[in-house]
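**Student:** I have a structure I would like to understand better, so I am pasting it below and will then ask my questions one at a time.
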Amino acid sequence: MIDLKLLRTAPDHVRAALARRGDPALLTLLEELERLDAQRRTLTGQLDQLKAERNEFAKADAQHVKQHGALAPTVVEQRREHGRRISDLEGELRNIETVLSAKTLFVPNLPLPDVPDGGESADRVVRSWGTPRVHEPGLKPHWEIAERLGILDLVRGARLSGSGFPLFIGAGARLGRALIGFMLDIHTREHGYVEVAPPFVVRRDSMEGTGQLPKFEDEAYKTAPDELFLIPTAEVPVTNLHRGELLEGARLPVAYTAYTPCFRREAGAAGKDTRGLLRVHQFDKVELVRFCRPADSVAEHETLTGHAETILQRLELAYRVRLLAAGDTGFASAKTYDLEAWAPGVGAWLEVSSASTFTDFQARRANIRFRPGPGAKPEFVHTLNASGVALPRTIAALLETRQQPDGSVTLPPALVPYMGCDRLSPAGVA
């Protein structure tokens, strides 16, 4: 949520930062917020004056009654009119505050200064790891590999729920379970995260707290009549674990990891990358969430990104880290790194993780604060999260990278203990 105090004291800075996102409508929205905020402050000043006068009237009237008896009818009516004026202004102020509060929820986060200008074409690759497998003749895309192995049934999945809902079978289901356990073990045992198993549905205020609502409500799956939302990512329930709380500064940073299925109605809406596992409505993901002091958030973002990279390195997948430009950065994020694994079967880099810092944007919406020290004034924490990592495209990259001429797929050594085998073959688990 935008800091209205910052908009009030440094409007040019806010305008310039949001202009980098490339949406002219945001500047119009800022003008409306400034107008509403000015009206609110004017009304607040008028109310303060009227209430101060009411207090003075009360003192004077009490003294008059004590010395001279009842107030004159004209004075009584004047006091009533004064009270009605206060009541009217209070109602007007409540209406303005309601509108102002609702509109601020549509303002995205301010990109950090080191985020490149421009849209997707201005994204910048900052580093890479591993040697991408050459797309030699005979390499298959993952859906053909999976079909031959008998581990993925997209036809039956579509029959059950529609397109975008993959059905893993046998060793495919086992592979997903193995990857989840493998990732959670690394993040808890080596990276110090506390594992949580959150609900898979959340209330509206939780979705608002992390920035999914109200802007992206049409892209969410929602239940009726209780209006619970299927989570698009574990980021939502895990970040909201501390909604409305005041944390002790000595406790920070706080780090959680969670496995959940994720549900996203918008997946595949662009009409591209709809084959196989590239764009789906439901998928499994291990998520990383961190809460930290503002002074530590830059370093925490690099640490978080490194934790996600560890998974790809252990899986021996070539990947690159791409810094997103301002116009390509998500609504709530101030800075995002995308981790993209190389998939030689389709000849493309596949996003398997986004690692983002949200500064105090989500903390303001969810009212998550910390006390820097004993007796110190509370401040908003900074929140960060990353996929650590998402399964569908990771599985796609894994199958395509490690496919063999005989149709089998070898498994990286780190995953063998979790699978109980070192390869997948058309006859089943080897």
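The values are calculated or read from the model by the stated rules, or taken from the named source; none is laboratory data. On a predicted model such as this, the values are computed, not experimentally measured, just so you know. Ideal geometry is used to build each Cβ from the backbone, glycine not excepted, and the neighbour counts take in all protein chains shown. SASA here: full protein model, heavy atoms, side chains in, ligands and nucleic acids out. Shrake-Rupley method; radii C 1.70, N 1.55, O 1.52, S 1.80 Å.
**Student:** Looking only at region 373-407, how many residues end up being at pLDDT 95 or above and in contact with a helix residue (DSSP H, G or I) (Cβ under 6 Å, 6 or more places away or on another chain)? Before the answer, list the steps.
**Tutor:** Let us first name the residues in region 373-407 that are at pLDDT 95 or above, namely 377-404.
Restricting the remaining residues to those that are in contact with a helix residue (DSSP H, G or I) (Cβ under 6 Å, 6 or more places away or on another chain) gives 380-386, 388-389, 391, 396, 399-400, 403.
So the answer is 14.
**Student:** Ok, one more. Among (1) within 19 Å of residue 391 (Cβ to Cβ); (2) open to solvent by 40 Å² or more (accessible area, probe 1.4 Å); (3) in a helix (DSSP H, G or I); (4) of a type in the set (D, E, K, R), where does residue 309 come up short?
**Tutor:** Only one criterion is unmet by residue 309, namely (2).
**Student:** Here are some residues: 325, 341. Which one is of a type outside the set (S, T, N, Q), buried (at least 20 other Cβ atoms within 10 Å of the Cβ) and within 17 Å of residue 112 (Cα to Cα)?
**Tutor:** 325
**Student:** Can you confirm whether region 159-168 contains a residue that is more than 30 Å from residue 298 (Cα to Cα), hydrophobic (A, V, I, L, M, F, W, C) and exposed (fewer than 13 other Cβ atoms within 10 Å of the Cβ)?
**Tutor:** Checking region 159-168: at least one residue is more than 30 Å from residue 298 (Cα to Cα), hydrophobic (A, V, I, L, M, F, W, C) and exposed (fewer than 13 other Cβ atoms within 10 Å of the Cβ).
**Student:** If you scan region 364-377, which residues turn out to be in contact (Cβ under 8 Å) with a residue 40 or more places away in the chain and on the phi < 0 side of the Ramachandran plot?
**Tutor:** 364, 365, 366, 368, 369, 370, 371, 372, 373, 376
**Student:** Now for a separate question. Go through region 125-169 and give me each residue that's charged (D, E, K, R) and within 27 Å of residue 281 (Cβ to Cβ).
**Tutor:** 140, 144, 147, 148, 153, 156, 159
**Student:** Residue by residue through region 109-135, note down the ones that are open to solvent by 80 Å² or more (accessible area, probe 1.4 Å), part of a loop (DSSP other than H, G, I, E, B) and among the hydrophobic types (A, V, I, L, M, F, W, C).
**Tutor:** 134, the sole residue that qualifies.
**Student:** Cβ-Cβ below 8 Å, separation at least six or inter-chain, first residue in region 77-92 and within 10 Å of residue 47 (Cβ to Cβ), second of a type outside the set (D, E, K, R) and open to solvent by less than 60 Å² (accessible area, probe 1.4 Å): which pairs?
**Tutor:** Hits for this filter: 85/50; 86/47; 86/50; 89/43; 89/47; 89/50; 90/47; 92/43.
**Student:** Within 23 Å of residue 348 (Cα to Cα), of a type in the set (Gly, Ala, Ser) and touching a Gly at 6+ places or on another chain (Cβ under 9 Å): which single residue out of 318, 250 fits that description?
**Tutor:** Within the list 318, 250, the selection yields 318.
**Student:** Any chance region 136-149 includes a residue that's closer than 30 Å to residue 341 by Cα, surrounded by 17 or more Cβ atoms within 10 Å (Cβ to Cβ) and of a type in the set (Gly, Ala, Ser)?
**Tutor:** Yes, there is a match, as at least one residue in region 136-149 is closer than 30 Å to residue 341 by Cα, surrounded by 17 or more Cβ atoms within 10 Å (Cβ to Cβ) and of a type in the set (Gly, Ala, Ser).
**Student:** Here is a follow-up. Quick check: is even one residue across region 313-329 among the basic types (Lys, Arg), in contact (Cβ under 8 Å) with a residue 40 or more places away in the chain, out of contact with any Asp or Glu (no Cβ under 8 Å at 6 or more places or on another chain) and not in a loop (DSSP other than H, G, I, E, B)?
**Tutor:** Yes, there is a match, as at least one residue in region 313-329 is among the basic types (Lys, Arg), in contact (Cβ under 8 Å) with a residue 40 or more places away in the chain, out of contact with any Asp or Glu (no Cβ under 8 Å at 6 or more places or on another chain) and not in a loop (DSSP other than H, G, I, E, B).
**Student:** Looking at region 291-338, which of its residues are within 21 Å of residue 418 (Cβ to Cβ) and either aliphatic (A, V, I, L, M) or out of contact with any strand residue (DSSP E or B) (no Cβ under 8 Å at 6 or more places or on another chain) (or both)?
**Tutor:** Selection gives 308, 310, 311, 312, 314, 315, 316, 317.
**Student:** Assess whether residue 160 counts as being of a type in the set (A, V, I, L, M), out of contact with any Ser or Thr (no Cβ under 9 Å at 6 or more places or on another chain) and modelled with pLDDT of 95 or more. Walk me through how you get there before you give the answer.
**Tutor:** Working: of a type in the set (A, V, I, L, M): yes; out of contact with any Ser or Thr (no Cβ under 9 Å at 6 or more places or on another chain): yes; modelled with pLDDT of 95 or more: yes.
Taking the combined requirement at face value, the residue satisfies it.
**Student:** Inspect all residues belonging to region 176-188 and state whether any of them is surrounded by fewer than 17 Cβ atoms within 10 Å (Cβ to Cβ), of a type in the set (Ser, Thr, Tyr), in a helix (DSSP H, G or I) and in contact (Cβ under 8 Å) with a residue 40 or more places away in the chain.
**Tutor:** Yes: one or more hits.
**Student:** What are the residues in region 207-232 that are in contact (Cβ under 8 Å) with a residue 60 or more places away in the chain and part of a helix (DSSP H, G or I), if any?
**Tutor:** 208, 209, 210
**Student:** Given the conditions (1) among the hydrophobic types (A, V, I, L, M, F, W, C); (2) within 23 Å of residue 382 (Cβ to Cβ); (3) assigned to a helix (DSSP H, G or I), report the number of the one that residue 75 does not fulfil.
**Tutor:** (2)
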